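**Student:** Structure incoming, see below.
The values are calculated or read from the model by the stated rules, or taken from the named source; none is laboratory data. This is a predicted model, so every value here is computed, not measured. As a convention, Cβ positions derive from the backbone with ideal geometry for all residues, glycine included, and neighbour counts pool all protein chains shown. Quick note on the areas: whole protein, heavy atoms, side chains included, nothing else; ligands and nucleic acids left out. Shrake-Rupley method; radii C 1.70, N 1.55, O 1.52, S 1.80 Å.
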Amino acid sequence: MGQQLDGRKRRWIVTGAVVAVTAGGIALAASDLPKATLRGTDAPPVAKPAKPSAPLPTEHLASWNPERNAYFGDLHVHTKLSFDAYIFNVRATPDDAYRFAKGEPIGHASGAQVRLAGGPLDFVAVTDHSEYIGAMEEANDPASPISKLPIVQGLFSSDPKQMQVAFNRMVFGYGAGTLPKEFSDPRIVSRAWNELQTAAARNYEPGRFTTFVGYEYTSAPDGRNLHRNVIFRTAKVPGAPYTALQSNDPENLWRTMDAWRGKGVEALAIPHNSNGSDGLMFDTMRLNGKPIDRTYAELRTRNEPLAEISQIKGTSETHPSLSPNDEWANFEIMERYIGVDMKVKHFRGGYVRQALKDGLVFQDRQGFNPFKFGFIGSTDTHNAAPGSAEEKNFFSKVGRVDFTPEQRMSIPPGGAKSWDGIDPNTAIRFQDWGASGLAGVWAEENTREAIYAALRRKETFATSGPRIRVRFFAGYDFPADLAKRPDLVTQAYAHGVPMGGDLLPAKGRAPRFLVWGVRDPNSGFLQRAQVVKGWIENGVAKERVFDVACSDHLSVDPATGRCPSNGASVDLKTCEPTRFKGDVELRTVWTDPTFDPKQRAFYYVRVLENPSCRWSTWDALRNGTPPNPTLPTTIMERAWSSPIWYEPKA
């Protein structure tokens with residue numbers, strides 16, 4: 001490859017350089033990143049496309065529910081096996097990560113104990129970086145030959161400042177292509193890969209707790225994030241992960257996954273942090289500069305049915321500049337590269353709503369859609385702490401580097417009691433991070449087979465942390481009293497399609513949508529439910545947000561299309577929210593007043609809680625000091641369903 005391209009073309013840099021800035025915990029100036037040509041170009045042979053395998057036949061557990069249960073999990077978790085986590089002094093293992101998810105306390109890199117405040121999770125995948133997996137642990141073993149390598153000397157420290165020095169040294173080594181080949185020794189990779197597999201097997205408890213074997217493919221050409229988590233359906237996995245050291249073009253990852261599938265190894269990939277891709281993740285051109293065609297679209301959608309839209313390093317639903325009429329678009333936005341001290345300039349291509357709209361345009365003009373995916377959230381914790389997206393209990397994500405409120409600049413430094421004379425933006429990367437990211441699925445039971453099948457059919461939803469349950473169906477023949485019926489789920493499945501599905505036309509009839517959200521008992525009350533619509537009109541993609549259900553017996557104002565204020569607020573002196581505002585449940589059947597049977601469209605649900613304190617405000621409250629004046633004091637936690645696509649041609 002090694003192309004030097006401008007404008008619509010692209011410049012390749014050595015993969016190792018971008019691998020080194022994966023966690024985002026320490027920002028390097030972009031100008032500091034050495035440039036070189038792509039080192040790994042191990043493109044796999046083109047395999048005959050194999051469709052994702054049908055769900056595995058299995059005996060059902062006693063808890064099997066044909067109407068499906070909501071399960072919550074985290075599919076993006078790092079442990080000591082990730083090179084960056086290890087440098088950040090994280091020593092927790094994959095087994096520790098599973099213990100944390102089950103509700104047990106584990107040791108943090110700082111020496112403190114950490115534990116989920118809410119209930120245990122239902123499913124988890126540990127997804128350590130495949131690039132140099134396990135190498136740092138080996139390098140820190142005096143008995144290992146690689147511990148004697150010059151670059152390793154002084155690489156490990158318990159001092160956060162020295163961690164940054166070590167991290168930067170690694171980055172330069174990667175960029176210059178001078179890292180020793182011993183860091184990718186197949187023996188080390190094999191040991192770490194086996195540790196991931198055995199931990200997943202050891203902790204899998206069908207019916208109670210599901211584990212998946214997984215890893216992170218860590219590509220970021222020129223620092224622009226193209227990371228993916230690869231999740232395997234069963235314990236049948238390849239002998240080693242396919243890494244960005246072999247190729248940083250995700251097309252080659254997908255072709256490899258096709259080849260695995262041909263050998264009975266079923267997996268899917270989930271892109272994340274499109275917000276840090278500077279428009280590259282959902283670009284309307286291929287990474288190699290060629291136009292997107294049907295083969296590419298089918299390759300991508302076959303291997304990537306989902307996108308992670310919210311995590312600690314920001315939310316990628318939409319950006320205020322892309323959705324100026326969406327009053328809630330400015331939610332936990334991070335406008336910087338992942339780990340590189342460089343501002344994002346291109347928001348289009350970096351957010352999922354715009355990508356869904358661009359997908360409609362592709363479908364309309366060329367007959368294929370490369371951006372047809374469902375939603376999940378996950379944390380991207382580098383503390384082996386899945387589900388650590390709790391505002392009041394937030395301890396950030398990269399080991400010792402950002403554990404304390406002072407490190408995160410949510411409190412004045414040096415024991416100061418006010419922000420007078422203090423620059424409040426000296427830790428802007430950590431300040432921009434949110435306590436966000438949880439995956440929800442609707443599955444018949446808590447097993448690998450059932451949850452993986454839900455991921456495949458996109459019957460999934462994302463939350464910003466709270467365990468808000470969201471259901472979304474569309475159909476033409478729902479009973480008139482559907483929203484009030486005790487068997488509404490039975491009726492919804494019988495007469496409609498769930499989230500993630502396609503709705504075909506019905507002789508010009510307008511569909512009806514069942515929208516249903518239920519609050520997390522450990523979080524806030526619900527304020528409103530919305531439907532986000534994107535559609536094609538005269539060849540142009542458009543969007544609109546509809547309020548469809550209001551709390552507190554309020555009705556949508558026909559003049560504004562919005563729910564009136566329900567008066568909910570937060571006492572910032574205590575972080576106590578208004579107690580008697582908001583609903584436990586929002587449920588309605590909605591008809592799109594703008595529906596045109598000839599217009600291709602997508603719809604998804606967004607459910608919003610009443611305002612509550614952001615993690616940074618909780619930090620300040622516990623410290624007895626004012627919140628950082630540059631940060632929002634409150635947020636509105638939320639959940640997003642996967643879309644339903646209306647296809648005007650059967």
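**Student:** Could you compute the FRET efficiency for Thr198 and Ser63, with r as their C-beta to C-beta distance and R0 at 30 Å, rounded to 0.05?
**Tutor:** On the way: r = 26 Å, r/R0 = 0.88.
The computed FRET efficiency comes out at 0.70.
**Student:** Here's something else I'd like to know. Hey, what's region 494-554 come to in accessible area per residue, 1.4 Å probe, Å²? If you can, show how the numbers build up before the last one.
**Tutor:** On the way: 2480 Å² over 61 residues.
About 41 Å² of surface per residue is accessible.
**Student:** Let me ask something else about it. For region 307-323, just list the computed ³J(HN,Hα) in residue order, Karplus coefficients 6.51, -1.76 and 1.60, θ = phi - 60°, integers in Hz, with x standing in for Gly and Pro.
**Tutor:** Here the 3J(HN,Hα) series is 9, 7, 9, 8, 7, 4, 7, x, 10, 10, 5, 7, 10, x, 6, 8, 10 Hz.
**Student:** Under 5 Å between amide H atoms, partner at least 5 residues away or on a different chain: which partners does Tyr215 have, H built in plane at 1.01 Å?
**Tutor:** The answer is Val230.
**Student:** Using a 7 Å offset from the Cα along the Cα-to-Cβ direction at both Glu406 and Asn425, what is the distance between the two label points in nm, to one decimal?
**Tutor:** 2.4
**Student:** Along the charge dipole of region 318-438, Cβ charges K/R +1 and D/E -1, which of Gly359, Gly415, Ala427 sits furthest on the positive end?
**Tutor:** Projecting each Cα onto the dipole axis, the largest value belongs to Gly359.
**Student:** Mind checking which lysines have their Cα closer than 17 Å to the Cα of Lys161? Skip sequence neighbours fewer than 8 apart in that chain.
**Tutor:** Hits, sequence-local ones excluded: Lys397.
**Student:** Using just the helices of the chain, give the 222 nm mean residue ellipticity in deg cm²/dmol: DSSP H runs with n ≥ 4 each add -39,500 (n - 2.57), and the total is spread over all residues, rounded to 500.
**Tutor:** Values: 14 runs with 131 residues, N = 650.
Rounded to the nearest 500, it is -6000 deg cm²/dmol.
**Student:** How much FRET efficiency would the formula 1/(1 + (r/R0)^6) give for Ala117 and Lys649, where r is the Cβ-Cβ distance and R0 is 45 Å, rounded to 0.05? Don't skip to the end; give the middle numbers.
**Tutor:** Details: r = 49 Å, r/R0 = 1.09.
Once the sixth-power term is evaluated, E becomes 0.35.
**Student:** Measuring from a point 7 Å past the Cα of Ala494 along Cα-to-C-beta, which residues in region 500-536 have an amide N at less than 17 Å?
**Tutor:** Only 514 pass the distance filter.
**Student:** Separate question: Using only the alpha-carbon atoms of region 199-323, report the extent along each of the three principal axes, biggest first, to the nearest angstrom.
**Tutor:** 45, 31, 25
**Student:** Using Cα positions and a limit of under 24 Å, work out the lysines in reach of Lys484, with same-chain residues fewer than 8 apart set aside.
**Tutor:** Lys581
**Student:** Return a whole-number percent for the relative contact order of region 451-561, with Cα pairs under 8 Å and 6 or more residues apart as the contact set. Before the final figure, lay out the partial values.
**Tutor:** Details: 139 pairs, mean separation 26.2, N = 111.
About 24 percent, as a whole number.
**Student:** Calculate the dipole size of region 251-335 relative to its Cα centre from +1 charges on Lys and Arg beta carbons and -1 charges on Asp and Glu beta carbons; express the result in debye to the nearest 20.
**Tutor:** Working: 9 positive and 14 negative charges, 123 e Å.
It comes to approximately 600 debye.
**Student:** How much length is gained if the chain between Lys542 and Asp481 is pulled fully straight, taking 0.36 nm per residue apart and subtracting their Cα-Cα distance, in nm to one decimal? Present the calculation step by step, with values, prior to reporting the outcome.
**Tutor:** Working: separation 61, 0.36 × 61 = 21.96 nm, distance 3.16 nm.
Full extension of this stretch gives 18.8 nm more.
**Student:** OK, next. Using the Kirkwood radius built from alpha carbon pairs, what does the Stokes-Einstein equation give as D for region 434-491 at 25 °C and 0.890 mPa s, in µm² per second?
**Tutor:** Estimated via Stokes-Einstein, D reaches 183 µm²/s.
**Student:** Would you mind working out the magnitude of the charge dipole of region 119-221 relative to its Cα centre, with +1 at each Lys and Arg C-beta and -1 at each Asp and Glu C-beta, to the nearest 20 Debye? Intermediate results must be reported in sequence, preceding the final value.
**Tutor:** Details: 8 positive and 12 negative charges, 37 e Å.
About 180 debye.
**Student:** Below 8 Å, C-alpha to C-alpha, sequence gap of six or more: please give me the relative contact order for region 143-236 in percent. Each step should come with its number before you reach the end.
**Tutor:** Numbers: 62 pairs, mean separation 14.2, N = 94.
Relative contact order, region 143-236: 15 percent.
**Student:** Quickly work out the Val584-to-Lys417 label distance, labels modelled 7 Å from Cα along the C-beta direction, and quote it in nm with one decimal.
**Tutor:** 4.4
**Student:** For region 112-128, just list the computed ³J(HN,Hα) in residue order, Karplus coefficients 6.51, -1.76 and 1.60, θ = phi - 60°, integers in Hz, with x standing in for Gly and Pro.
**Tutor:** Calculated HN-Hα couplings, in order: 6, 9, 10, 7, 5, 7, x, x, x, 7, 9, 8, 8, 10, 7, 10, 5 Hz.
**Student:** Test of understanding: what is the full-extension gain from His553 to Val265, defined as 0.36 nm times their sequence separation minus their Cα-Cα distance?
**Tutor:** Numbers: separation 288, 0.36 × 288 = 103.68 nm, distance 5.09 nm.
Extra length from His553 to Val265 when fully extended: 98.6 nm.
**Student:** Hey, with R₀ at 41 Å, roughly what FRET efficiency would Gln162 and Thr295 work out to, going by the Cβ-Cβ distance, to 0.05?
**Tutor:** Details: r = 49 Å, r/R0 = 1.19.
Working from the Cβ atoms, E equals 0.25.
**Student:** Turning to a different aspect of this structure: Counting only protein heavy atoms and using a 1.4 Å probe, what share of the accessible area of the chain belongs to carbon plus sulfur, as a whole percent? Before the final figure, lay out the partial values.
**Tutor:** Working: 12080 of 23420 Å².
Carbon and sulfur: 52 percent of the exposed surface of the chain.
**Student:** Points 7 angstrom from Cα along the Cβ direction at Gln599 and Thr574: gap in nanometres?
**Tutor:** The modelled label-to-label distance comes out at 4.7 nm.
**Student:** Where does the Debye-calculated log10 I(q)/I(0) of region 58-193 sit at q = 0.13 Å⁻¹, using only Cα point scatterers of equal weight, no solvent?
**Tutor:** -0.65
**Student:** Could you give the dipole magnitude of the chain about its Cα centre, charging the beta-carbon of Lys and Arg +1 and that of Asp and Glu -1, in debye to the nearest 20?
**Tutor:** Details: 78 positive and 73 negative charges, 246 e Å.
The calculation lands at about 1180 debye.
**Student:** Please list Lys542, Lys392, Lys533 from largest to smallest accessible area, probe radius 1.4 Å, with all protein chains kept in place. List each step's numbers first, then the result.
**Tutor:** Values: Lys542 75, Lys392 130, Lys533 5 Å².
Most to least solvent-accessible, the answer reads Lys392, Lys542, Lys533.
**Student:** Accessible area per residue for region 224-318 in Å², computed with a 1.4 Å probe and the full protein assembly in place, what is it?
**Tutor:** On the way: 2120 Å² over 95 residues.
Each residue of region 224-318 exposes 22 Å² on average to a 1.4 Å probe.
**Student:** Right, another one. Amide H of Leu306 versus every other amide H placed in the peptide plane: which residues, excluding those fewer than 5 positions away on the same chain, fall under 5 Å?
**Tutor:** Long-range HN contacts for Leu306: Gly374.
**Student:** Given contacts defined as C-alpha pairs under 8 Å and at least six residues apart, what's the relative contact order of region 324-371, whole-number percent?
**Tutor:** On the way: 22 pairs, mean separation 8.7, N = 48.
That works out to 18 percent.
**Student:** Dipole of the chain (Lys/Arg Cβ +1, Asp/Glu Cβ -1, origin at the Cα centre): which of Ile292, Gly239, Met170 lies farthest to the positive side?
**Tutor:** Checking the options against the dipole of the chain, the answer is Ile292.
**Student:** May I ask you to list the lysines whose Cα is less than 28 Å away from that of Lys542, ignoring any residue fewer than eight positions away on the same chain?
**Tutor:** Of all the lysines, those that pass the test against Lys542 - Cα under 28 Å, at least 8 places apart if same chain - are Lys9, Lys290, Lys313, Lys343, Lys345, Lys357, Lys372, Lys458, Lys507, Lys533, Lys598, Lys649.
**Student:** ³J(HN,Hα) across region 578-592 via Karplus (A = 6.51, B = -1.76, C = 1.60, θ = phi - 60°), whole Hz, x for Gly/Pro?
**Tutor:** Couplings: 4, 6, 10, 10, x, 10, 6, 9, 10, 9, 7, 10, 10, 10, 6 Hz.
**Student:** Net charge within 13 Å of Thr594 by Cβ-Cβ distance, Lys/Arg positive one each and Asp/Glu negative one each, not counting Thr594 itself? Please list the in-between numbers first.
**Tutor:** Numbers: positive: Lys533, Lys542, Arg544, Lys598; negative: Glu537, Glu543, Asp592, Asp596.
So the environment of Thr594 carries a net charge of 0.
**Student:** Also, quick follow-up: Charges on Cβ only, +1 for Lys and Arg, -1 for Asp and Glu, centred on the Cα centroid of region 179-273; of Thr211, His227, Ile270, which one is farthest towards the dipole's positive end?
**Tutor:** Thr211
**Student:** Search the structure for amide H atoms under 5 Å from the amide H of Thr379, placed 1.01 Å from N in the peptide plane, and list their residues when 5 or more places away or on another chain.
**Tutor:** Under 5 Å from the amide H of Thr379: Leu75, His76, Gly387.
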